[in-house]
Each structure stands twice: as C-alpha cells, then as structure tokens.
Amino acid sequence: MNNQAHSDIVLENEHRARVRERYTADEAEVIDLLMEHIRLSDSDRAKVAAAGAQYVDRVRKETSPSMMEAFLAEYGLSTEEGVGLMCLAEALLRVPDAETIDDLIEDKIAPSNWGAHLGHSSSSLVNASTWALMLTGRVLDDDPKGPTRVLRSLVKRMGEPVVRTAVAQSMKILGRQFVLGQTIQEGMKNAREEEAEGYTYSYDMLGEAARTDADAKRYQKAYSDAITAIAKQAKGDVRSSPGISVKLSALHPRYEYTHKTTVMRELVPRALELAKQAAKANIGFNIDAEEQDRLDLSLDVIEAMLSDPALEGWDGFGVVVQAYGRRAAPVIDTLYNLAERLDRKIMVRLVKGAYWDTEIKIAQELGVERFPVFTRKINTDLSYMACAQMLMDRRDRIYPQFATHNAHTCAAVIEMAGNDKDSFEFQRLHGMGESLHGIVKQAEGTRCRIYAPVGAHRDLLAYLVRRLLENGANSSFVNQIVDTSIPSKAISKDPVAEVKALGKQVANPTIAQPHDLFKPARHNSKGFRVNEPASILPLLAAREEFADSKWTGGPMLASSPDPKGTGRDALSPADTGRVVGTVYEATPEEVETALDAAQGGFEDWSSWSVADRADILRKAADLYEEHTAELTAITTREAGKTLLDGIAEVREAVDFLRYYANEAERLEEEEPGTPRGIFVCISPWNFPLAIFSGQIAAALAVGNAVIAKP
Ligand code: FAD
C-alpha cells in the first residue's frame with residue numbers, strides 16, 4: 001500500500017481532512033460540536049417531544065403492529081429465546097445436511113422457556129409461532145425423570161424431520177415479512193398497493209459483500225436488470241419515481257482501503273455504469289452506507305463517480321450517511337462541498353446505522369483508540385437531529401431523505417422543516433414502521449419512500465440479522481412502541497435534554513473502551529485498522545524510516561561486541577535480492593560463554609521479587625508498542641508478513657508479555673514454586689516475534705534465565 005498516493009487527495013480537501021480528524025475525536029467533544037447544529041429552542045423541542053408522544057399514542061390506539069414488529073418485541077435480544085432464534089435464523093438456511101440442522105434446532109430451541117411468551121403478543125401469528133416453538137421445545141427436551149421419557153425420545157426420533165421442516169418453514173415465513181418479492185418483477189407488482197396510497201419505493205437487491213469476482217458480476221447484472229425494470233415505471237422526476245439502493249460491497253470482493261487502487265480501477269466503472277443507467281432513466285440511485293471502515297474509501301468512490309460528466313443534470317445520485325458515526329457531520333459537509341464543486345444536486349439518506357453491535361465488537365477486538373460510533377443510543381439520536389438540521393440547511397444542493405421508524409425523530413424533522421413539506425422525504429423499511437408513517441403522511445402531507453428488499457430467501461440472512469440486531473434491543477423504538485407498559489412520553493424524550501443530563505458521562509461507561517477490554521487484569525494490546533486511513537497512515541509513515549534499515553542478528557552476547565563466527569546476509573523472502581541484515585551464527589565457544597553468563601544471570605534474576613519481574617515484562621510490552629513501526633517493518637522485510645499480519649504479530653507478543661506478568665503474580669499467590677534454571681528459546685519461522693516473545697516471557701516471569709535465538 002502506497003500511503004503517499006492515498007493521502008494526497010484528502011489533504012487537498014479540508015472537508016475530507018476533517019472527516020479523518022474526527023475519527024479519533026473524543027465522544028463528548030463530538031457531541032458538543034453536534035449540539036451547536038441543533039437550532040430548535042427549548043420550547044420547540046418540548047413541542048417535538050409532545051408530538052412524538054402523540055404519534056406513539058395514535059399508533060398504539062389506532063393500529064396494530066406488523067407481524068415483524070410484534071415478533072421483534074416479543075423475542076427481543078434481551079430474552080434467551082430471542083438470542084436463540086437469531087442464531088437459528090442466521091445459521092439455519094446455510095446448513096447443508098439434515099443431521100446438523102437437527103442438532104442446531106435442538107441446541108437453540110429445546111432449552112428455552114417458550115411457555116413464558118405464550119399469549120403475550122397482540123399478534124395471533126406470533127402467538128401461534130410461540131405455540132409451535134413451545135411444542136417443539138417440549139418434544140426435543142429430554143426429561144430425565146418424567147414417566148413419558150421413553151415416549152418422548154421416540155417422538156423425538158420420529159419427529160425430527162417434521163420439526164426440521166417446520167422450523168425452516170417458520171424462518172421462511174419470517175423472511176417473507178421482510179422481502180417484497182423474490183424477483184424485481186414480483187416486487188414491483190407487490191408494490192402497487194402502497195404506490196396507490198402515494199408511497200414510492202427504493203428497491204434493494206438482496207445479497208451483499210461479494211466474495212468473488214463472479215459474485216460481484218452476478219450482483220452487478222442483478223442491479224442492472226432491476227434498473228431496466230424500474231425504469232419502465234419512471235415518472236419523469238426522481239422524487240416521485242421508484243429508485244434503487246446499491247451496496248458497493250456487492251460490486252467488488254475487495255471493497256477495502258488496502259485495495260484502493262484496484263477498487264478505483266474496477267469497482268468505480270461498475271458502479272458508474274449502473275449510475276449512468278439510472279441517470280438515463282431519471283430514477284434515484286442510492287449508495288447504501290456499510291461498515292465504518294469503508295466510509296473513507298466510499299467518499300473516494302463517490303467523488304470519482306459523481307465527477308463523471310455523464311451524470312451532469314441528474315438529481316438522482318444518492319448517498320447514505322450514518323448518524324451513529326462520529327464523522328457524520330463532516331461527511332455531510334464533504335458531500336455538500338462536492339455537490340457545489342461539481343455543480344450537482346444530490347440526495348442524502350440519513351439513517352442512524354445498522355451495524356452498531358459489529359462496530360463496537362470489532363473496535364474492541366482490534367484494540368484501536370476509539371469507537372467509530374457513539375456508545376449511547378441517545379447520542380446517536382442527538383447526532384441524527386444535528387445532521388437532519390445540517391441537511392435541511394443545505395437543501396439548495398441536497399434532497400434530504402430521513403429514514404427512521406422513530407416517532408420522536410420524525411417529529412423533530414417535521415418541526416425543522418417548517419412549512420416546506422415537499423423538499424424532503426421520509427423513508428421506512430418494508431414491513432416496518434407502517435403505522436407511524438401512515439399517520440405522519442396523512443397528518444403532515446409528507447412524502448414517504450419504502451426501502452424494499454427483493455431476492456431469494458436464502459440471500460436474506462445478512463439483512464434479517466441486521467434487522468433483528470438493530471430492532472431487537474430493548475432500547476430500540478420498534479421494541480418500545482409495542483410494549484404498552486412504557487408510557488409514550490418516556491419513548492419520545494428530547495435527546496438534547498437527555499444528553500445534557502448526562503453531565504460528564506457522555507460516553508457509555510458500561511461499554512469497555514477497546515484498550516480496557518481486559519480490565520482490570522491488563523490492557524488490551526494497541527491495534528490499528530488497516531482499512532481506515534486515519535488509523536493506518538501514521539503507522540505506514542513511521543514504517544518508512546525502516547524501509548532500508550539493516551538489522552544485525554548476533555553476536556550471541558551483547559557484552560562481546562566482536563562476533564567470532566562469520567556473518568551471512570539475511571534476505572527478504574519476498575525479494576531475495578534485498579538484504580535485511582547480517583546474522584552471526586554463534587561458535588561453540590560463544591555458546592559456552594553464553595551458558596556461563598546465563599547461569600550468573602539466573603542467580604541474580606531468580607532472586608528478584610515476582611512483582612518486579614512482572615513490572616519489567618509490562619515495561620517491555622509498552623516498549624514493543626512504542627516500537628510497533630520498526631517491529632512490523634522487520635516482520636514484513638525479514639519474514640514476508642503483510643502489514644495486517646505484522647500488526648497481529650506485535651499485538652500477540654504484547655499480550656503475551658502482559659499475560660505472563662499477570663500469571664506469574666497469580667501463581668505466586670496461589671501455588672508458589674521455584675524457578676527451574678536456564679531455558680533456551682528458539683523462534684519459530686512463522687511467528688518469529690509473537691511466539692518467541694511468549695516463550696521468553698513465560699520463562700522469565702517465573703524467575704528463569706533465558707538464552708534466546710531469534
Ligand atoms: P431507533 O430505535 O430510534 O434507533 C435504533 C438505532 O440507534 C440503532 O440501529 C443504532 O443505530 C442506534 N443505537 C442503538 N443503540 C446504540 C448505542 N448504545 N449507542 C449508539 N447508537 C445506538 N442502515 C445503514 O447502516 N445503512 C443504510 O444504507 C441503511 N439504509 C436504510 C434505509 C431505510 C429506508 C431505512 C428505514 C433504514 C436504513 N438503515 C440503514 C437502517 C437504519 O440504520 C436503522 O433502521 C436505524 O438505525 C433504526 O433507527 P430508528 O430511528 O428507526 O430506530
């Protein structure tokens with residue numbers, strides 16, 4: 001990866017630079033900045049909260065929840081059954097053989113307490129599902145004491161194929177609630193009813209994140225065919241015509257910053273071809289927002305696409321902005337600036353963001369400095385309001401599309417819009433938010449577009465799991481509106497007041513920061529995101545210093561500076577013409593000297609307290625982190641490791657050092673022993689730093705001396 005080439009375009013543009021700066025900004029600071037964008041006064045916001053609560057009351061009184069909403073409310077992720085169902089939905093349709101399907105069903109369904117849900121839901125379909133799941137659970141659950149045990153096990157054996165079919169069928173029924181049609185033609189036919197009510201559609205072709213180029217080409221064709229079909233329904237202007245939503249990850253198997261050059265060369269023309277087709281038909285073409293790691297790269301792709309002269313004069317190019325991302329506001333500025341520079345009008349769909357759990361978990365696993373998203377839902381709600389105001393203020397270039405199922409969020413948008421109800425639209429997902437948007441549309445005369453997935457049920461899983469994750473949480477609006485024990489006012493609170501009431505606790509203290517993941521035991525090792533320029537470019541720059549360094553291996557003892565053995569070149573395995581350094585093999589005499597020295601060292605080191613030895617190891621871990629640039633440079637140059645593997649290698653070494661320091665202290669307390677003597681550690685070729693450091697650290701931690709051969 002050539003960091004020079006990657007950073008230039010961004011440094012030239014102040015808005016792009018701000019997007020990068022915001023990546024490492026503190027959550028509280030970002031919230032303060034966002035607060036400044038919200039111009040609604042205290043009384044405006046009180047009005048919004050009341051209007052939101054009224055919507056909630058009306059939805060509850062006048063309508064009943066869709067099957068999907070009822071299902072999500074009954075089996076939210078706060079119940080064991082909800083989690084089991086999610087795992088099942090996620091896995092079931094992909095399992096190839098009957099035996100594994102049976103095991104999976106037994107594992108996920110049998111131990112749960114389905115009976116507790118019986119009769120709870122207002123939806124008879126959900127209650128029927130509960131009956132089915134309960135009976136299935138009872139059949140599968142072996143009762144070790146009951147008199148019917150033998151009979152049950154017989155039913156269990158006889159019944160498994162039936163259960164398998166029934167559960168698979170239920171999952172399909174569930175899926176159908178989310179998919180408008182299996183083909184674009186079927187989807188468009190099913191859309192007619194809502195279109196007659198004044199709704200418009202944006203079709204999403206299911207299947208995402210291509211794994212191979214063949215996948216990507218298949219998805220491209222599916223999008224292209226869909227645009228051809230949708231074009232026939234074009235009404236002459238983008239706003240009242242149906243449109244399409246596209247995932248860039250479907251168009252290239254390596255839609256990643258590390259493959260930027262390939263992405264610009266291969267993905268951009270594919271996406272552009274589709275955009276041109278949409279422009280020709282004058283329908284909307286929306287680029288969905290995906291994981292935060294793709295954000296920076298997506299801005300490059302978007303700029304390259306939008307700059308194409310063939311898109312001049314077309315107002316249907318759409319981009320999605322995720323309000324849960326800390327960079328959302330500078331992204332809006334960037335898009336507006338781009339539209340100005342190119343003299344274009346664009347559409348921006350504002351969402352809260354569908355990958356929250358993933359973003360949190362990945363950041364923790366990677367050990368990066370910050371989460372790219374907010375850690376409290378209320379912060380995301382506030383960010384949405386701020387971004388909504390930004391979009392409203394930029395309507396000369398941007399057609400805002402507010403995608404939400406939350407009554408308060410809708411009420412806030414309506415208040416910001418004032419009397420102009422025609423210069424923006426609301427959006428909802430197929431199968432969700434129907435009642436709310438029906439009421440809003442009727443009361444306010446606003447536009448509403450339905451995002452409708454189209455495709456085979458086997459391609460539904462990723463989409464379905466995202467919906468379950470984002471709406472199954474008990475903090476989600478969809479979950480709360482169905483739970484009538486929560487007063488409408490409590491569901492429609494003003495995020496500004498709520499955030500102010502947090503005082504200094506703007507970040508959620510219950511979510512461990514990546515660095516603190518293993519607290520109190522130890523720090524998580526510091527990591528980087530190779531696909532996030534704001535995270536990786538500084539490391540790449542620091543590695544440059546070691547691009548031509550020559551390292552020396554040996555002499556065996558630092559105290560004998562003149563190696564006796566002959567030196568030989570260490571070569572890069574990726575390019576044997578490149579010398580990485582010189583290695584001096586030890587002579588037998590040097591080995592003897594080293595053994596003597598180690599014996600002396602052992603006597604000294606083993607007399608140290610465990611705590612002091614542990615501190616030295618922890619200090620070594622900190623030093624490894626400080627020298628990550630050099631260490632990853634040498635793992636690349638000497639061991640042929642990619643940057644990603646080099647980072648993982650250093651992190652593992654750091655974790656080992658801290659882990660063994662802790663373990664030595666624990667052992668000292670729980671089962672103290674005596675050091676054994678001298679250890680010889682030899683680095684394995686495949687993990688020359690991590691495993692090597694682990695061997696050494698474990699031996700040293702408990703007071704042994706080590707002779708180490710790198
Ligand atoms: P709410 O219940 O008010 O909000 C739930 C959301 O709050 C969660 O999804 C999450 O974003 C956020 N949240 C929850 N807990 C926390 C927490 N602890 N800290 C911080 N934030 C939290 N999503 C995409 O990512 N990309 C898209 O391209 C996209 N397209 C969409 C198109 C349409 C038409 C619609 C309706 C949605 C789309 N979404 C997309 C999904 C969208 O992000 C979710 O529907 C949305 O987050 C739910 O928000 P809400 O206002 O309806 O519900």
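Can you name the residue in region 231-258 that is outside any loop (DSSP other than H, G, I, E, B) and away from the ligand (no atom under 16 Å from the Cβ) and, of all such residues, is nearest to residue 399 (Cα to Cα)?
Restricting to residues being outside any loop (DSSP other than H, G, I, E, B) and away from the ligand (no atom under 16 Å from the Cβ), the top hit is 231.
With the condition kept exactly as written, say whether any residue in region 370-388 is under 19 Å from residue 44 (Cβ atoms), modelled with pLDDT under 95 and in contact with a helix residue (DSSP H, G or I) (Cβ under 8 Å, 6 or more places away or on another chain).
no
Looking only at region 268-283, decide whether some residue is in a loop (DSSP other than H, G, I, E, B) and touching a residue at least 24 places away in the same chain (Cβ under 8 Å).
For region 268-283, residues in a loop (DSSP other than H, G, I, E, B) and touching a residue at least 24 places away in the same chain (Cβ under 8 Å): present.
Given the residues 386, 412, 417, 407, which is the only one that is within 17 Å of residue 324 (Cβ to Cβ), over 23 Å from the mean Cα position of the chain (by Cα) and not hydroxyl-bearing (Ser, Thr, Tyr)?
Being within 17 Å of residue 324 (Cβ to Cβ), over 23 Å from the mean Cα position of the chain (by Cα) and not hydroxyl-bearing (Ser, Thr, Tyr) holds for just one of 386, 412, 417, 407, which is 412.
What about residue 331, is it within 12 Å of the ligand (Cβ to nearest atom), of a type in the set (A, V, I, L, M, F, W, C) and under 30 Å from residue 516 (Cα atoms)?
Considered against the rule, which asks whether it is within 12 Å of the ligand (Cβ to nearest atom), of a type in the set (A, V, I, L, M, F, W, C) and under 30 Å from residue 516 (Cα atoms), residue 331 comes out as no.
State whether one or more residues within region 616-627 are in contact with a helix residue (DSSP H, G or I) (Cβ under 8 Å, 6 or more places away or on another chain), of a type in the set (A, V, I, L, M, F, W, C), closer than 23 Å to residue 539 by Cα and in a strand (DSSP E or B).
no
Does residue 628 satisfy the condition of being of a type in the set (Ser, Thr, Tyr), in contact (Cβ under 8 Å) with a residue 12 or more places away in the chain and either under 22 Å from residue 256 (Cβ atoms) or in contact with a Lys or Arg (Cβ under 6 Å, 6 or more places away or on another chain) (or both)?
So residue 628 fits the description; yes.
Does region 343-358 hold any residues that are in contact (Cβ under 8 Å) with a residue 60 or more places away in the chain, in contact with a strand residue (DSSP E or B) (Cβ under 7 Å, 6 or more places away or on another chain) and more than 9 Å from the ligand (Cβ to nearest atom), and which are they?
Matches in region 343-358: 347 only.
Among strands (runs of 3 or more DSSP E) lying entirely in region 363-471, which contain 1 or more residues that are without any contact (Cβ under 8 Å) to a residue 60 or more places away in the chain and within 11 Å of the ligand (Cβ to nearest atom)?
Filter on region 363-471 gives 398-403, 425-429.
Can we say residue 512 is at pLDDT 95 or above, more than 12 Å from the ligand (Cβ to nearest atom) and either outside any loop (DSSP other than H, G, I, E, B) or not acidic (Asp, Glu) (or both)?
Spelling it out, residue 512 is indeed at pLDDT 95 or above, more than 12 Å from the ligand (Cβ to nearest atom) and either outside any loop (DSSP other than H, G, I, E, B) or not acidic (Asp, Glu) (or both).
Looking for whichever is at pLDDT below 95, more than 28 Å from residue 531 (Cβ to Cβ) and of a type outside the set (A, V, I, L, M) here; the options are 677, 673, 640. Which one fits?
Exactly one residue qualifies, and that residue is 673.
So, in region 259-295, exactly how many residues are among the charged types (D, E, K, R) and within 16 Å of the ligand (Cβ to nearest atom)?
5
Tell me, which residue of region 297-325 that is away from the ligand (no atom under 16 Å from the Cβ) and among the hydrophobic types (A, V, I, L, M, F, W, C) is surrounded by the fewest Cβ atoms within 10 Å (Cβ to Cβ)?
The residue in question is 310.
For residue 490, all conditions in the list (1) hydrophobic (A, V, I, L, M, F, W, C); (2) in a helix (DSSP H, G or I); (3) more than 16 Å from the ligand (Cβ to nearest atom) hold save one; what is the number of the exception?
Condition (3) is where residue 490 drops out.
If the requirement is being more than 20 Å from residue 710 (Cβ to Cβ) and in contact with a helix residue (DSSP H, G or I) (Cβ under 6 Å, 6 or more places away or on another chain), which of these qualifies: 668, 663, 652?
668
The values are calculated or read from the model by the stated rules, or taken from the named source; none is laboratory data. Just so it is clear, the model here is predicted, and its values are computed rather than measured. Neighbour counts run over all protein chains shown; Cβ positions are idealised from the backbone, glycine included.
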